[in-house]
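A.B. asks: Pasting a structure here, questions to come.
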Amino acid sequence: MDDYTDFIKTNLSKPIVLVGMMGAGKTHIGRLLAKNLELEFHDSDSLIEEKAGMPVPEIFEVFGEDKFRSSEELTILDLLEKPPCVIATGGGAVMNEAVLKALQERSISLWLDADIEDIYERIKDHKNRPLLQTENPKETLRILMEERRALYEKAAITVTTKPG
Ligand code: S3P
């Protein structure tokens, strides 16, 4: 660990929470960041899946989006009680007022801002995003981004990503 990462780790008093659209790379980057900082990594979607004993699309199908969102709220609020760590959230987490408030007060939030075209290219062949099972997933992504942009912008840090 270099002096810079050592400094960050020593002075970190809150979890670092990655927010942003699906396919922005929150889980991937979150894992790398946690590894570099030698911190624990948590992924809210994975924890919700563990609790429900089924994958996200099935949770949507069997219990509906509202139940998923309640579980997402509980899971993220719980994670924010943990000592400094890195947390990746689902793309819609910021839509929940209590979650957004908690993120602002009790985390260092980091928005991974990715271009819709890049996101679409990355996830177009995946079927694991229930909200994108529409006739025009790219347009759905665009609409979701417009609904959420102002909320993502509240993050303490914005990192604009480009495909490597
Ligand atoms: C969602 C994003 C997904 C998952 C669920 C809903 C959203 O997580 O939580 O499908 O509302 O944007 P990722 O952002 O990890 O894909």
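The values are calculated or read from the model by the stated rules, or taken from the named source; none is laboratory data. Everything quoted here is computed from the prediction, not taken from an experiment. Here Cβ is always computed from backbone atoms with ideal geometry, including for glycine, and neighbour counts include all displayed protein chains. Please note that ligands, DNA and RNA were not included when accessible areas were found on the heavy atoms of the full protein model with its side chains. Shrake-Rupley method; radii C 1.70, N 1.55, O 1.52, S 1.80 Å.
A.B. asks: Looking at 23, 30, can you tell me which residue is under 14 Å from residue 91 (Cα atoms), in a helix (DSSP H, G or I) and open to solvent by less than 50 Å² (accessible area, probe 1.4 Å)?
C.D. replies: Values: 23 fails: in a helix (DSSP H, G or I).
Of the residues listed, the single one that is under 14 Å from residue 91 (Cα atoms), in a helix (DSSP H, G or I) and open to solvent by less than 50 Å² (accessible area, probe 1.4 Å) is 30.
A.B. asks: Residues to consider are 140, 161; find the one that is within 16 Å of the ligand (Cβ to nearest atom), within 25 Å of residue 38 (Cα to Cα) and surrounded by 15 or more Cβ atoms within 10 Å (Cβ to Cβ).
C.D. replies: That would be 161, the only listed residue that is within 16 Å of the ligand (Cβ to nearest atom), within 25 Å of residue 38 (Cα to Cα) and surrounded by 15 or more Cβ atoms within 10 Å (Cβ to Cβ).
A.B. asks: Go through (1) at pLDDT below 95; (2) within 19 Å of residue 45 (Cα to Cα) for residue 119 and report which single condition fails.
C.D. replies: With (1) at pLDDT below 95; (2) within 19 Å of residue 45 (Cα to Cα) applied to residue 119, the lone miss is (1).
A.B. asks: Looking at (1) in contact with a Phe, Trp or Tyr (Cβ under 6 Å, 6 or more places away or on another chain); (2) open to solvent by less than 60 Å² (accessible area, probe 1.4 Å), which is the one condition that is false for residue 47?
C.D. replies: Going through (1) in contact with a Phe, Trp or Tyr (Cβ under 6 Å, 6 or more places away or on another chain); (2) open to solvent by less than 60 Å² (accessible area, probe 1.4 Å) one by one, residue 47 breaks only (1).
A.B. asks: Check 73, 40, 61 and return the single one that is open to solvent by 50 Å² or more (accessible area, probe 1.4 Å), within 13 Å of the ligand (Cβ to nearest atom) and touching a residue at least 40 places away in the same chain (Cβ under 8 Å).
C.D. replies: Every option except 61 fails the conditions.
A.B. asks: Looking at 26, 67, 51, can you tell me which residue is of a type in the set (Lys, Arg) and either touching a Gly at 6+ places or on another chain (Cβ under 9 Å) or away from the ligand (no atom under 16 Å from the Cβ) (or both)? Walk me through how you get there before you give the answer.
C.D. replies: On the way: 67 fails: either touching a Gly at 6+ places or on another chain (Cβ under 9 Å) or away from the ligand (no atom under 16 Å from the Cβ) (or both); 51 fails: either touching a Gly at 6+ places or on another chain (Cβ under 9 Å) or away from the ligand (no atom under 16 Å from the Cβ) (or both).
Exactly one of 26, 67, 51 is of a type in the set (Lys, Arg) and either touching a Gly at 6+ places or on another chain (Cβ under 9 Å) or away from the ligand (no atom under 16 Å from the Cβ) (or both), namely 26.
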